[in-house]
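Below: one structure, written as structure tokens.
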Amino acid sequence: MTGPHDQLSEQVQSPESVRPPESDRVRAELHERMERLPPGHPSSPYNDDGTRKPSQQDLSDYELSIPGDPDYHPDMRTSKADPSSDGSPERADEPGNPVDENAADEQSTMDNEADRALDTEDKPRISSDGVWEWKDRTLTPKESRSADQALAGWVDAEGRDAEGNYGEHGLTPAMRRIESQLEHGELVPDTEKFALKGADRLKLKLAERINLQPGESADALLSRIHDGIRYTFEYDDQDYTTGIEETEAALERSGYDLITRKPSWDSPDYKGVNSQWRDPDSGQLFEVQFHTHASWDAKQATHSAYERLADPRTTPEERERLDAHQREVTASVPVPPGALEIPHYHKKDA
């Protein structure tokens, strides 16, 4: 947005005088290209979990929040006061959604505790012999390489090139095309940035599955991980069930194969619909979630609790408190018309 000062500057300065030095222009172009790289790429300014890598410059004003990502810890008082704080529109003070200051204080306390826990927990590391380790889980060098190969296939299926740019190929451009066809609903903010699961999160998930199914090969387990690529569509309450039907129809017209639909609107811990699809071009599974604005906000607000509950090192006392908090937030989500009638589905022989 320009103002009087900008207009005055344009009048008194020649084009040559306002042109940035060549080195600044090149630096700006390089910065822009690096920002487009997928998180976890060696040259990306973001780690694979979406957090910005350390820099000598103070870039805290430019850090992006991570809605729905495992390390996202929203401060409810900040996000409700500032619509841009988590990339989500302002909804806390709409009719039927009053701000609960006591709940906000409790959430802030829990988030601060979770932040301190993350600050002190071990970080992913690879030993000199190639063994990957994180959160008391390990992968052999061969298992770690299998995860890297799976991630490379996901990157190709998702549609980014080596520089992080999109063309016509891939799932994310296709999801944007589907979004443009919808009468109801849209993809949540920052879809492109968080469409791919990070490398270490993938390896942690693989290690957990190996721990539960030690007789299965890493490649077989990786082939069944359905959320390495994930998308979320968000709808107004009154359009929710119609919007899901419309979106699923658009996905099927585009050639994607519905494998599983799992509604959870009757769950005390999570409200929404999760579905699994198969991309016929790559054969990759991917996840599509369907949320209302309130259920999406609740998912973000409880994700730190979800992560701590999934951590085997969490104490029984903390687990009980986190579970109670998660259920309290989930219980506040209004059930949209028709949501309890959405059917479960699983494709035979899939």
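The values are calculated or read from the model by the stated rules, or taken from the named source; none is laboratory data. What you see is a predicted model; the values in this text were computed from it and never measured. Reconstructed Cβ throughout: ideal geometry from the backbone, glycine too, with neighbour counts over all protein chains shown.
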Task: Residue tally, condition hydroxyl-bearing (Ser, Thr, Tyr) and in a helix (DSSP H, G or I), over the stretch 126-166 - done: 2
TODO: Taking Glu234 as meeting all but one of (1) surrounded by 20 or more Cβ atoms within 10 Å (Cβ to Cβ); (2) more than 19 Å from the chain's Cα centre (by Cα), write down the number of the exception.
DONE: (2)
Task: Which numbered condition Leu258 fails, given (1) in a loop (DSSP other than H, G, I, E, B); (2) surrounded by 14 or more Cβ atoms within 10 Å (Cβ to Cβ) - done: (1)
TODO: Specify which of the listed residues (Glu317, Glu287, Glu307) is out of contact with any Phe, Trp or Tyr (no Cβ under 8 Å at 6 or more places or on another chain), of a type in the set (Asp, Glu) and in contact (Cβ under 8 Å) with a residue 60 or more places away in the chain.
DONE: Glu307
Open item on the list: Is it the case, given these coordinates, that Asp281 is surrounded by fewer than 19 Cβ atoms within 10 Å (Cβ to Cβ), over 19 Å from Glu179 (Cα atoms) and charged (D, E, K, R)?
Closed with: yes
- [ ] For the stretch 293-302, indicate whether the set of residues that are touching a Leu at 6+ places or on another chain (Cβ under 9 Å), assigned to a helix (DSSP H, G or I) and of a type in the set (Lys, Arg) is non-empty.
- [x] no
Open item on the list: Given the options Ser267, Ser275, name the one that is of a type in the set (Ser, Thr, Tyr) and either farther than 23 Å from Leu171 by Cβ or in contact with a helix residue (DSSP H, G or I) (Cβ under 6 Å, 6 or more places away or on another chain) (or both).
Closed with: Ser267
Open item on the list: Which numbered condition in (1) outside any loop (DSSP other than H, G, I, E, B); (2) over 22 Å from Leu182 (Cα atoms); (3) under 21 Å from the mean Cα position of the chain (by Cα) is the only one that Phe290 fails?
Closed with: (2)
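To keep it simple, each residue is scored yes or no on (1) crowded, with 22+ Cβ neighbours inside 10 Å; (2) at pLDDT 90 or above.
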{"site": "Phe194", "(1), (2)": "yes, no"}
{"site": "Lys197", "(1), (2)": "yes, yes"}
{"site": "Leu202", "(1), (2)": "yes, yes"}
{"site": "Gln213", "(1), (2)": "no, yes"}
{"site": "Leu251", "(1), (2)": "no, yes"}
{"site": "Ser264", "(1), (2)": "no, yes"}
{"site": "Pro268", "(1), (2)": "no, yes"}
{"site": "Phe286", "(1), (2)": "yes, yes"}
{"site": "His293", "(1), (2)": "no, yes"}
Task: For Glu318: the one exception among (1) within 23 Å of the chain's Cα centre (by Cα); (2) part of a helix (DSSP H, G or I) - done: (1)
TODO: Can you give me the number of residues within the stretch 267-285 that are in a strand (DSSP E or B) and of a type in the set (Lys, Arg)?
DONE: 1
TODO: Would you be able to say whether some residue in the stretch 294-303 is β-branched (Val, Ile, Thr) and farther than 25 Å from Ala195 by Cβ?
DONE: no
TODO: Please determine, by comparing only the residues of the stretch 173-186 that are in contact with a strand residue (DSSP E or B) (Cβ under 6 Å, 6 or more places away or on another chain) and surrounded by 19 or more Cβ atoms within 10 Å (Cβ to Cβ), which one is nearest to Pro280 (Cα to Cα).
DONE: Met175
TODO: Taking only the stretch 251-294 into account, find how many residues are under 19 Å from Gly338 (Cβ atoms) and of a type in the set (Gly, Ala, Ser).
DONE: 5
Task: Among residues of the stretch 172-196, those that are in contact with an Asp or Glu (Cβ under 7 Å, 6 or more places away or on another chain), hydrophobic (A, V, I, L, M, F, W, C) and farther than 16 Å from Tyr240 by Cα, counted - done: 3
Task: Counted residues, the stretch 323-338 - those being under 23 Å from the mean Cα position of the chain (by Cα) and part of a helix (DSSP H, G or I) - done: 8
